[in-house]
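I have placed the structure first, in the form of structure tokens, so that the comments after it can refer back to it.
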Amino acid sequence: MRSAEGMSNLFQQMERMFGDSWYSYAAMDSSLRSSWALTALLFFLSLLQYSNAQQCDPNDQKALEEFKAGFITQDFFFGSWNGTNCCQWNFVNCTSTGRVQGLNIDNPFARHGPAPVAERNTSYQGVVGATLGDLSELRTLQLRLILFDGPMPNTFDKLKKLEELSMSFNNFSGSLSPSIGGATSLKILRVDGITVFWSNPGLQPAPIPSSFCQLLNLQELGLTSFLLTGKFPECFCKFTHLTQLQLGDNRLAGAIPSCIGSNLGSLQILDLSGNRFSGSIPTSFSRLTSLQNLNLNQNKLSGSIPSFIGDLKQLQFLSLANNSFSGPIPPAIGNLVQLNFLDLSVNLLTRIPSEIGKLVSLGFLSLGRNNLQGNLPPEIGQVGSRSFGLFLDISFNRLSGSIPDVFGSGNISIFFASDNLFTGGFPLSLALVSNVDLSHNRLSDLKPVGTVPAAPRLSSLNLARNSLSGPIPSWLTQIVATSSDITNLDISVNKFTGPIPAVLLENLFNFNASYNQLSGQLPSISTSKLNLLDLGHNHISGPITSQFFGSLLNMMFHLDLSFNQLSGPLPANSGDFLELQYMDLSYNQLTGTVPDSLEKIPTLTYLDLSHNKFTGRVPSKRPPPFP
């Protein structure tokens, strides 16, 4: 029973809290009286609970102190672990009787850049964390960025009431502790072998311990990046309550057992990526109709993508990349209208179905590095949501024909289509796409395809290594002049002719027009944003004027005018560049003496003035050759 002195102290605190209203309760009208009484009661109960703060069980206290002794004390982690009442320590949660029921050390700063970690005390003898098994009332154990730098504790089997075990970024060595299988009340088990450096030389390849088959109450199971070997344990198919099963980044091999689809109908997340599974996707997977996330990336799976994939209509994430799937992408893929991520890259797929256009919620679509052939279906322009913007990658395939002019909806923000066999011209609706890469194709037509949008969004365009010939077209200069975001343009290794439009040098940050047949003099410009300008290997003639160099003095990276027909002396401001790192003026017809200031540019690491007609000393700066 509470002492009279203790009760008096409570009432004194209430008096300080409520002031004169404590004495004027009777004077309140009835509408306020009940509200005040409820507030006072809640405050009284909170004070009562505070005054009865749990006193930590001595055995639990000892177990935690021994755990702390295994680490170099870090203020963030163990700074409050002092005194005789562990229930008042950070990260420790106790029952009303003072037993530790939760230990949750999760460093939130680690998700936002460099963060403190709890490092192993190298003088500590024994297995760090072994005494955690003495916390017999423990329900939740979460440890993040606690660097054990040694084996996992082997005392988890003593934790018969443990329901959640989550351990990540802990620098474990050896293999999974078999004792985990004895914690048979576990509902959530998440353990990974990741270190703060993303590689862990201390891990040893080993199969999943057979004792894990006892964990029949599991709802979420994640055993990732632990060098797990052997086959998929079919006893896991007895975990009928599972909603999440993640075994990614291990070395599991063999066929994916069909019992996953037959028995685990409640699965919402299935991640078997980064393993060595072979064979085909089991037909029983058609029963996994609750799946929202299916990741089979980076295995050795083969055969066709089954049409029943379209029955998994709850899917939001699907990755089958880095396998050996062959044949056409099934038209049933269009049934997955809730997908926001689809990665089928690095396979042997041959055809894109028109039904791809039904995937209007996609934010990421990667079909790159397959064997896709035929035309790009015009329905591709319907893919994606304008509110998010679609990343679309179809590069490194054998797609041919003209690129359809279907990008006017503005749904697509990135379009990578390099290294294909596309012919024809450039669809001007692509000016509504932020980043476009059509390099290494067979585009040859500079006539406009469609019309330039009123408000282009293009920021980067790569047309390098095509078969484009003739003067730089007006539609291209119009896009550069009207797009407020344009920064990068690469038209190198084509057959462009004629003069260089000044608008390109005035508006771009990076411009590469090397290996063409451009001619005429360098354009007269007064201002420029350029950080990189490569006009090498063309037919540009005439002088380098002080006005031209003057507009480039803030250039930071790369200036290449080599292999042209430039003549006359270098202007006096040649050495006034402030941050330029690379300058190549070789293989021209430049004359006169080289200004001494040129080689004194403080940031210049490469300078090539060779094969000109200079007189006097010609400086050069070149990095040493690669060994």
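The values are calculated or read from the model by the stated rules, or taken from the named source; none is laboratory data. Fair warning: this is a prediction, and the values are worked out from it, not measured in the lab. Here Cβ is always computed from backbone atoms with ideal geometry, including for glycine, and neighbour counts include all displayed protein chains.
For this structure, a couple of remarks:
- Any hit, region 202-215, residues being closer than 23 Å to Asn299 by Cα, in a strand (DSSP E or B) and among the aliphatic types (A, V, I, L, M): yes
- Taking the criterion of being buried (at least 18 other Cβ atoms within 10 Å of the Cβ) and part of a loop (DSSP other than H, G, I, E, B), the residues of region 526-551 that qualify are Ser528, Leu530, Asn531, Leu535, Gly536, His537, Asn538, Ile544.
- Scan region 54-87 for residues that are over 14 Å from Gly129 (Cα atoms), more than 38 Å from the chain's Cα centre (by Cα) and surrounded by fewer than 18 Cβ atoms within 10 Å (Cβ to Cβ) and the total you get is 7.
- Taken over region 540-576, residues that are farther than 20 Å from Leu508 by Cβ and acidic (Asp, Glu) amount to 1.
- Taken together, the residues in region 121-143 that are crowded, with 18+ Cβ neighbours inside 10 Å and either out of contact with any Ser or Thr (no Cβ under 9 Å at 6 or more places or on another chain) or among the aromatic types (Phe, Trp, Tyr) (or both) amount to 3.
- Evaluating Glu599 against the criteria (1) in a loop (DSSP other than H, G, I, E, B); (2) over 16 Å from Leu552 (Cβ atoms) leaves one unmet condition, (1).
- Residues considered: Gly550, Gly542, Gly450. Of these, the only one that is on the phi > 0 side of the Ramachandran plot and in contact with a helix residue (DSSP H, G or I) (Cβ under 7 Å, 6 or more places away or on another chain) is Gly450.
- Consider region 145-176 and keep the residues that are part of a loop (DSSP other than H, G, I, E, B) and charged (D, E, K, R). The one that is modelled with the lowest pLDDT is Asp149.
- Scanning region 553-576 for residues that are within 19 Å of Pro523 (Cβ to Cβ), modelled with pLDDT under 95 and of a type in the set (A, V, I, L, M, F, W, C) yields Leu553, Met555.
Rundown of residues vs (1) surrounded by 20 or more Cβ atoms within 10 Å (Cβ to Cβ); (2) among the β-branched types (Val, Ile, Thr); (3) out of contact with any Phe, Trp or Tyr (no Cβ under 7 Å at 6 or more places or on another chain), yes/no style:
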site	(1), (2), (3)
Leu312	yes, no, yes
Phe317	no, no, no
Leu344	yes, no, yes
Gly368	yes, no, no
Leu376	yes, no, yes
Ile380	yes, yes, yes
Phe388	no, no, yes
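- Cβ separations smaller than 8 Å between residues 6+ apart or across chains give the following pairs from region 227-248 residues that are at positive phi and surrounded by 15 or more Cβ atoms within 10 Å (Cβ to Cβ) to residues that are among the polar types (S, T, N, Q) and part of a loop (DSSP other than H, G, I, E, B): Leu227/Ser175; Leu227/Gln204; Leu227/Asn250.
- Taking region 423-450 as the range and being outside any helix (DSSP H, G or I) and within 30 Å of the chain's Cα centre (by Cα) as the test, the residues that pass are Val433, Ser434, Asn435, Val436, Asp437, Leu438, Ser439, His440, Asn441.
- Cβ-Cβ distances below 8 Å connect the following pairs, each with a first residue in region 255-272 that is closer than 13 Å to Phe239 by Cβ and touching a residue at least 12 places away in the same chain (Cβ under 8 Å), a second residue that is among the aliphatic types (A, V, I, L, M) and part of a helix (DSSP H, G or I), and a separation of six or more residues or different chains: Leu267/Ile260; Leu270/Ile260.
- Residue in region 178-185 that is part of a loop (DSSP other than H, G, I, E, B) and among the β-branched types (Val, Ile, Thr) present: yes
- Answer residue from region 144-167, given it is within 19 Å of Leu216 (Cβ to Cβ) and not charged (D, E, K, R) and is surrounded by the most Cβ atoms within 10 Å (Cβ to Cβ) among those: Leu162
- Region 421-431: number of residues that are crowded, with 21+ Cβ neighbours inside 10 Å and touching a Lys or Arg at 6+ places or on another chain (Cβ under 9 Å): 2
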